[in-house]
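The structure appears right after this line, and notes come after that.
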Amino acid sequence: MANLNGFTFSIPDNNPLPGTSNIDHSLNKICDGLNDIFNTQSSLPIVSNFNSENASINYNALADQIRSDYQQSTTLGPIRSISDFNGIQVPNREQVTYQQINQVLNTKPDVFYIISQPRDSFRPRTEKERANSSHFIRCREGDKYEYLTTNIPQTWNGQNSYIEVSLLDICNNPHPYAIENREPHESSVVFKPKESNKLCFRVTNDDVAKGFKNYKIEFIKSKQDDQITKEVIKDRQLNKSKLRFTRYYQTTDGSYERDESSVIDTIVMTEEYGKFRVEDVFPLHGPVHSHQKVCIETKGPVPNDCKNNFHIYIIINDINGSCKIEEIKKNGNNFTFKMPVLPNVHMNRLEAKINIEYKQNLIYQANYLYISSLDRELSVKTSIESDDRIAVNFSSSDASTTASIMASNSENRSGKRKKM
């Protein structure tokens with residue numbers, strides 16, 4: 001292995017692998033072409049003087065590096081077309097995408113590369129969540145393919161091959177989490193090696209004919225245990241990962257060997273559980289002269305500083321009043337509070353606004369309606385409940401009357417339950 005300017009090159013031995021050829025010329029043309037797209041020759045002095053009979057390069061890493069250098073450069077000249085690569089026109093930097101880079105790579109039939117990259121952030125699933133439904137790693141919004149996709153070089157035609165997909169951490173070590181697929185482990189298309197962080201996909205004749213292959217991969221996050229602790233997760237940055245695709249081909253003796261010229265990595269993927277946000281507030285009506293309990297449902301991880309920075313304000317324009325809710329109770333992702341009572345207000349209806357703020361930013365607003373008739377309904381209900389209690393209290397003076405009243409109340413409650 002040789003390392004030049006951060007790029008890793010693998011140099012096979014003197015016995016060339018089946019299906020590989022001298023790619024030095026193609027390698028130089030691709031690098032020159034990509035440099036030409038981004039006009040970054042001065043910032044990427046790589047490859048041009050590197051010659052080897054069977055050199056291989058991580059083309060996706062190269063493309064990422066060139067794009068990064070292009071985006072960071074402040075002295076770029078005009079972008080030119082690439083006459084060597086079917087005249088691909090790149091009118092401005094915003095339109096430079098992996099699709100255009102892939103167009104360049106697509107002109108080289110012996111190069112293995114990623115067509116559709118995964119999203120750079122995703123929500124991992126647990127084994128329990130996986131049992132209920134499928135959650136495959138998906139590609140970026142607007143990508144041609146929904147799932148991870150690589151090309152299948154035509155030079156692999158007529159050979160028995162499979163693609164090993166490995167889940168790695170950012171230091172290229174095996175990731176302790178697992179990847180899975182819905183196919184049976186011993187199916188004709190996908191099989192599972194003993195390592196939990198690996199899956200193997202057979203290259204079929206249909207894949208070769210199409211020139212590409214899709215990969216449905218589930219990322220399974222393990223529970224914390226003695227091996228996977230909070231400290232380990234933090235130190236190894238296990239919230240970040242990537243996938244490595246490696247081709248294995250069958251030799252004449254029937255065994256499979258690793259094709260060192262066909263090893264490619266995806267971009268780094270980062271776990272994301274969504275931003276903290278308010279999903280719903282209910283109920284949105286209540287009495288004027290009595291407290292109404294209101295629930296707030298939120299999504300996403302609740303911030304640690306929520307206690308000091310999560311505030312609720314009630315605005316009542318009809319009476320030109322406002323107040324801050326002082327007591328907020330939290331239960332998981334749910335918050336509850338009581339709407340303030342308006343003792344000196346005698347209006348049938350009042351409109352209010354519930355403003356929910358986090359770090360002094362308004363993140364949700366709901367319209368609330370005070371309804372005075374609900375006070376009367378509540379008063380009647382309270383009176384009925386009070387009558388029940390009175391019947392019990394009279395038990396010491398008139399046992400027979402008490403028994404009759406209690407029986408009547410019991411029948412009434414029973415009848416209500418039956419109607420429901």
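Quick notes
- Beta carbons closer than 9 Å, at least 6 apart along the sequence or on distinct chains, pair a first residue in region 188-199 that is in the same structural domain as Glu164 (by TED's automatic domain parsing) with a second that is assigned to a loop (DSSP other than H, G, I, E, B) and basic (Lys, Arg) for Val190/Arg182; Val190/Lys216; Lys198/Lys192; Leu199/Lys192.
- For region 252-266, the set of residues classified as of a type in the set (Val, Ile, Thr) and either in contact with a strand residue (DSSP E or B) (Cβ under 7 Å, 6 or more places away or on another chain) or at pLDDT 95 or above (or both) consists of Val263, Ile264, Thr266, listed by residue number.
- Restricted to region 302-327, and to residues there that are among the β-branched types (Val, Ile, Thr) and surrounded by fewer than 16 Cβ atoms within 10 Å (Cβ to Cβ), the residue that is modelled with the highest pLDDT is Ile315.
- Elements of type strands (runs of 3 or more DSSP E) contained in region 298-354, each with 3 or more residues being in contact with an Asp or Glu (Cβ under 8 Å, 6 or more places away or on another chain): 310-316, 334-338
- Residue count for region 168-224, restricted to those that are part of a strand (DSSP E or B) and either hydroxyl-bearing (Ser, Thr, Tyr) or under 30 Å from Lys234 (Cα atoms) (or both): 12
- For region 255-271, a tally of residues being more than 25 Å from the chain's Cα centre (by Cα) and not in a strand (DSSP E or B) returns 1.
- For region 211-261, the set of residues classified as in contact (Cβ under 8 Å) with a residue 12 or more places away in the chain, aliphatic (A, V, I, L, M) and closer than 18 Å to Arg123 by Cα consists of Ile217, Ile220, Leu238, Leu243, listed by residue number.
- Top-ranked residue of region 272-289 - restricted to ones that are at pLDDT 90 or above and assigned to a strand (DSSP E or B), ranked as surrounded by the fewest Cβ atoms within 10 Å (Cβ to Cβ): Phe282
- Filter result for Arg247 (of a type outside the set (Asp, Glu), in the same structural domain as Ile220 (by TED's automatic domain parsing), closer than 19 Å to Ile152 by Cα and buried (at least 17 other Cβ atoms within 10 Å of the Cβ)): yes
- Any hit, region 319-330, residues being in contact (Cβ under 8 Å) with a residue 40 or more places away in the chain, within 34 Å of the chain's Cα centre (by Cα) and closer than 21 Å to Phe282 by Cβ: no
The values are calculated or read from the model by the stated rules, or taken from the named source; none is laboratory data. Given the structure is predicted, the values throughout are model-derived calculations rather than measurements. Here Cβ is always computed from backbone atoms with ideal geometry, including for glycine, and neighbour counts include all displayed protein chains.
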